[in-house]
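This report refers to the structure that appears directly beneath it.
The values are calculated or read from the model by the stated rules, or taken from the named source; none is laboratory data. Every value quoted in this text rests on a predicted model; they were computed, and no experiment measured them. Note that we place each Cβ from the backbone using ideal geometry, even for glycine, and neighbour counts take in every protein chain shown. Keep in mind that these areas ignore ligands, DNA and RNA; they rest on the heavy atoms of the full protein, side chains included. Shrake-Rupley method; radii C 1.70, N 1.55, O 1.52, S 1.80 Å.
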Amino acid sequence: MNILLKSAKIVCPENKELHLKKRDILIKKGTIEKVGASLEAPSGAKIVDLPNLHVSLGWLDTGVSFGEPGFEERETIANGLKVAAKSGFTDIVLYPNTHPIPDTSSDIVFLKERGLNKSTRLHPLGALTRNSEGVDLAELFDMHNAGAVAFYDFKKEISNSNLLKIALLYAQNFGGLIYSFPQDNNIKGHGIAHEGEVSTTLGLKGIPALAEELQVARDLYILEYTGGKLHIPTISTAGSVKLVANAKKKGLDVTCSVAIHNLFFTDETLTGFDTHFKVSPPLREKSDVKAMLKGLKEGTIDYVTSDHIPIDIEHKRVEFDNAMDGSIGLESAFGALNTLMGMEESIVLLTKGHQRFGLEIPKIKEGDKACLTLFNPDETFIFSDDNILSTSKNSMYLNAELKGKVYGVINNDQITL
């Protein structure tokens, strides 16, 4: 397929010659053939000429759930990858949030095969322990060889400290990356919302910041002892930011992410008992949000994620206490992040992480494969049902004012608009 992008403003801070310059980009058979001020379209080429067209390297999301296998009514892999592409993501790291849980090499092969030849590439996580039960390590090496990019018991604490120690030691043999969810369930107890003034006023059982920070401190202490590579997904408190910053000063090989909704919303949104806002970790206070935004700008927090978790209506249209945690977030990710941080910082964050997960690093360069995201950063809109492309509709962003429209992606010699 031949594609010509017309008058596209290139957003690529690492390429000073092209950054914020308007150029035509000619793509032939999936490869960037030419970048120039005014290019002629070859016969039969698809010409893309869109309002205020901006182009960046393809975006990566380090934490996405679908449903297949086991929960196809929430989201299939095929439709989930289509949603990701239309939301601007050329690569997604897939949570092991399915039934059965992917804890063998054959499970990883199945997921990889279901994601073949799509505009968005699927990179699966394998479970850290068998059936994510936290007892015995899963087949980490075999799953690594089959294509798993890291290992994670989805949204479950590693309660056994020795298990985390063994996992970090063992994974060093093949450069494996270990995820550890930052939550101590003994401290969390039956909490369902951030412990603070709002939860007290509403009569909701609280989850103190200590439940997260105690786990983060333990994990980092073990990492300092063992070495290895650790990723802490979706931190949410000011204390966690400080702990990670200190660990990085020591030279520990640790990265962390934050869910975009934990930057965009606070626990004050819970006053209406809307179950769309019930997530894990919970929405925190303004001081935590401020600390995390600062942590992103200073580089303590490495990645942002949509933390996209489709949930069927039967598990959300119930009392707040009984609702499942999670919100979809792919469709709203750029609009929310761009609203908070502006275009250039948002693009830097959305294009990070390829090296950490062992993925090919894309470039906007003649002769390289085209891995591009197309968007308009200036369009402001109210997020509505019409913006939801996922099968499940559990979005906390409904009626939020966002800035930035995503057109789609060009990747794998395909274009999705």
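The equivalent ellipsoid that matches the C-alpha gyration tensor of region 49-121 spans semi-axes of 26, 12, 10 angstrom, in descending order.
In debye, nearest 20, what is the charge dipole magnitude of the chain about its Cα centre with +1 on Lys and Arg Cβ and -1 on Asp and Glu Cβ, if you could check? Taking the Cα centre of the chain as origin, the dipole is about 1300 debye.
Of the listed residues Met343, Met292, Met324, the order by accessible area with a 1.4 Å probe, largest first, is Met324, Met343, Met292.
Using only the heavy atoms of the protein chains and a 1.4 Å probe, how would Ser199, Ser287 rank by accessible area, largest first?
Order by accessible area, largest first: Ser287, Ser199.
When the listed pairs Lys22/Lys352; Lys6/Lys82; Lys9/Lys229 are checked against a 30 Å cut-off, the alpha-carbon distance exceeds it for Lys9/Lys229. A 1.4 Å probe, protein heavy atoms only, puts the accessible area of Glu133 near 120 Å². The local environment of Ile187, defined by Cβ-Cβ distances under 14 Å, has a net charge of -2 under the rule Lys, Arg +1 and Asp, Glu -1. Put Tyr152, Tyr407, Tyr170 in order of accessible area, highest first, and with a 1.4 Å probe you get Tyr170, Tyr407, Tyr152. Measuring with a 1.4 angstrom probe and ignoring ligands and nucleic acids, Tyr303 comes out at about 20 Å² accessible.
Ligands, DNA and RNA are left out, and with a 1.4 angstrom probe the accessible area of the chain is 41 Å² per residue. Ordered from longest to shortest, the equivalent ellipsoid semi-axes for region 13-65 are 23, 16, 12 Å, each the square root of 5 times a Cα gyration tensor eigenvalue.
For the chain, the calculated P(r), taken from all Cα-Cα distances in 10 Å bins from zero up to the bin holding the longest distance, is 5, 23, 32, 27, 11, 3, 0 percent.
Length gain on complete extension for the stretch Glu360 to Asp142, per 0.36 nm per residue less the alpha carbon to alpha carbon distance?
76.4 nm
Applying a length cut-off of 24 Å (Cα extent along the axis) and a mean Kyte-Doolittle floor of 1.6 to the DSSP H helices of the chain leaves no helix.
Classify region 1-158: rounded, prolate or oblate, from the alpha-carbon gyration tensor (a ≥ b ≥ c, eigenvalue square roots; a/c under 1.5 rounded; otherwise prolate if a/b is larger than b/c)? The shape class here is prolate.
Quick one: compute the contact order of the chain, relative version, from alpha carbon pairs under 8 angstrom and 6+ residues apart, as a percent.
Here the relative contact order equals 19 percent.
Across region 284-350, counting alpha-carbon atoms alone, Rg and Dmax equal 14.6, 41 Å.
From helices alone, the chain scores -7500 deg cm²/dmol at 222 nm; the rule is -39500 (n - 2.57) for each run of n ≥ 4 DSSP H residues, then divide by the residue total. Round to a whole angstrom and tell me the spacing of the C-alpha centers of region 141-169 and region 1-65. About 38 Å separates the Cα centre of region 141-169 from the one of region 1-65. Among Val254, Leu296, Phe277, whose Cα sits farthest toward the positive end of the charge dipole of region 246-296 (+1 at Cβ of Lys/Arg, -1 at Cβ of Asp/Glu, about the Cα centre)? Most positive-ward Cα: Val254.
What's the local net charge at Arg356, with K and R +1, D and E -1, over the other residues with C-beta under 14 Å away?
Net local charge, Arg356 excluded: -2.
A simple count of charges around Gly126, restricted to other residues whose Cβ falls under 13 Å of its Cβ and scoring Lys, Arg +1 and Asp, Glu -1, yields -3.
Lys278: which lysines have alpha carbons under 23 Å from its alpha carbon, excluding same-chain residues fewer than 8 sequence positions away? Answer for Lys278, where 23 Å is the Cα cut-off: Lys155, Lys156, Lys188, Lys205, Lys286, Lys290, Lys316, Lys393, listed by chain and number.
For region 238-393, relative contact order (Cα pairs under 8 Å, six or more residues apart, normalised by length) works out to 23 percent. When the P(r) is computed for region 10-100, the part past 15 Å accounts for 70% of the Cα-Cα pairs. With a/c under 1.5 counting as rounded, go ahead and sort region 273-408 into rounded, prolate or oblate using the C-alpha gyration tensor (a ≥ b ≥ c being the square roots of the eigenvalues; past the cut-off, prolate if a/b is larger than b/c, else oblate). Note, shape of region 273-408 comes out prolate.
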